[in-house]
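Below is one structure; the comments refer to it alone.
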């Protein structure tokens with residue numbers, strides 16, 4: 001079974017000898033943070049991950065954490081040091097994570113720097129780690145590309161008894177807005193020192209998956225812990241098991257009822273209802289930007305989504321999206337080619353075998369040289 005919820009590993013001294021294994025088997029994305037190494041060490045780690053993902057033909061995303069770099073006060077963002085955002089651009093990472101955001105001005109400033117460096121494809125993850133961020137959560141979700149719930153710092157400013165409900169609220173709002181939501185801080189904290197998690201930690205990870213997070217991020221467990229490999233294996237095992245249970249099968253969202261939606265949303269929603277009626281093994285969607293795959297993932301289908309994208313760069317932008325696996329096809333495909341090649345793509349990806357049914361959909365494919373207007377469709381075929 002292919003795991004749907006994603007895993008992010010924070011790199012540090014404990015991962016130096018495990019990088020190849022992390023890329024090959026452990027994590028969908030890695031986080032690089034100067035809190036766990038000098039700028040030179042961060043560059044070395046970024047370059048090593050890039051080499052390994054090419055060598056192993058993986059689409060492991062790289063997140064650069066601006067935390068502890070431009071925050072002059074640990075719990076208040078005084079200013080953004082532009083040099084640190086430029087550093088992310090120069091090293092061509094896939095995501096940047098921005099901490100202690102209290103309003104939209106900081107988000108807009110980071111995005112403007114990325115755009116000025118012609119790196120608008122670098123996605124912005126906003127950390128919800130202070131009271132002001134939570135109070136402005138609706139606006140932040142609207143402008144951020146992804147959301148990260150950092151419970152450690154958030155718990156410093158809000159009553160600890162409020163955190164479980166706040167966590168669930170943010171996850172729900174991010175799911176509804178089709179924004180990836182990452183949960184982090186002390187997920188398997190005891191595994192910094194011990195090879196096994198506590199029962200409470202197992203329940204914490206499991207409940208996060210049930211609530212709808214896209215990704216679980218380990219920090220100290222992998223960066224400085226004594227058992228980074230075991231921690232990654234543990235979170236993988238918990239997620240893989242819990243996703244087989246009825247509590248997390250299928251979509252729980254009903255906010256689509258009684259509201260108008262565009263064609264792409266309607267097509268994505270229709271895949272959910274088809275899956276309820278037809279026994280298909282996976283969804284294949286052809287998407288140039290990744291948007292259609294995200295729309296479908298929003299409804300948490302019970303099967304894996306195979307997003308056929310035109311480049312590795314686009315594939316890495318889906319590394320945090322729950323339930324999405326990627327396949328690279330650089331050629332622009334017509335509708336007829338999509339329908340004929342989708343079974344082959346599903347089979348080569350290991351998501352379907354001979355005789356299986358697959359559901360094929362595309363948001364708005366470019367249908368070739370004749371500038372034929374885009375078409376949205378859903379089709380079921382046998383592998």
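The values are calculated or read from the model by the stated rules, or taken from the named source; none is laboratory data. From a predicted model like this one, the values you see are computed outputs, not experimental measurements. Glycine gets a Cβ as well: all are built from the backbone with ideal geometry, and neighbour counts include every protein chain shown.
Out of segment 13-22, which residues are in contact (Cβ under 8 Å) with a residue 24 or more places away in the chain and surrounded by fewer than 23 Cβ atoms within 10 Å (Cβ to Cβ)?
Once the filter is applied, which keeps residues that are in contact (Cβ under 8 Å) with a residue 24 or more places away in the chain and surrounded by fewer than 23 Cβ atoms within 10 Å (Cβ to Cβ), segment 13-22 yields 13, 14, 18, 19, 20, 21, 22.
Please give the number of the condition residue 213 fails out of (1) under 24 Å from residue 300 (Cβ atoms); (2) modelled with pLDDT of 95 or more; (3) outside any loop (DSSP other than H, G, I, E, B).
(3)
Collect the residues in segment 214-230 that are over 18 Å from residue 32 (Cα atoms), out of contact with any helix residue (DSSP H, G or I) (no Cβ under 6 Å at 6 or more places or on another chain) and buried (at least 20 other Cβ atoms within 10 Å of the Cβ), keeping them in residue-number order.
Within segment 214-230, 214 is the sole residue that qualifies.
Select from segment 27-56 the residues that are in contact with a strand residue (DSSP E or B) (Cβ under 6 Å, 6 or more places away or on another chain), touching a residue at least 60 places away in the same chain (Cβ under 8 Å) and not in a strand (DSSP E or B) and write down the one among them that is surrounded by the most Cβ atoms within 10 Å (Cβ to Cβ).
Filtering segment 27-56 for residues that are in contact with a strand residue (DSSP E or B) (Cβ under 6 Å, 6 or more places away or on another chain), touching a residue at least 60 places away in the same chain (Cβ under 8 Å) and not in a strand (DSSP E or B), the one surrounded by the most Cβ atoms within 10 Å (Cβ to Cβ) comes out as 27.
Inspect segment 129-144 for any residue being assigned to a strand (DSSP E or B) and buried (at least 17 other Cβ atoms within 10 Å of the Cβ) and give the result as yes or no. First the steps, then the outcome.
Keep residues of segment 129-144 that are assigned to a strand (DSSP E or B), which gives none.
No - not one qualifying residue is present in segment 129-144.
Out of (1) at pLDDT 90 or above; (2) surrounded by 17 or more Cβ atoms within 10 Å (Cβ to Cβ); (3) more than 25 Å from the chain's Cα centre (by Cα), the odd one out for residue 360 is which?
Here residue 360 clears every test but (3).
Looking only at segment 94-115, decide whether some residue is out of contact with any strand residue (DSSP E or B) (no Cβ under 8 Å at 6 or more places or on another chain), assigned to a loop (DSSP other than H, G, I, E, B) and closer than 25 Å to residue 42 by Cα.
No.
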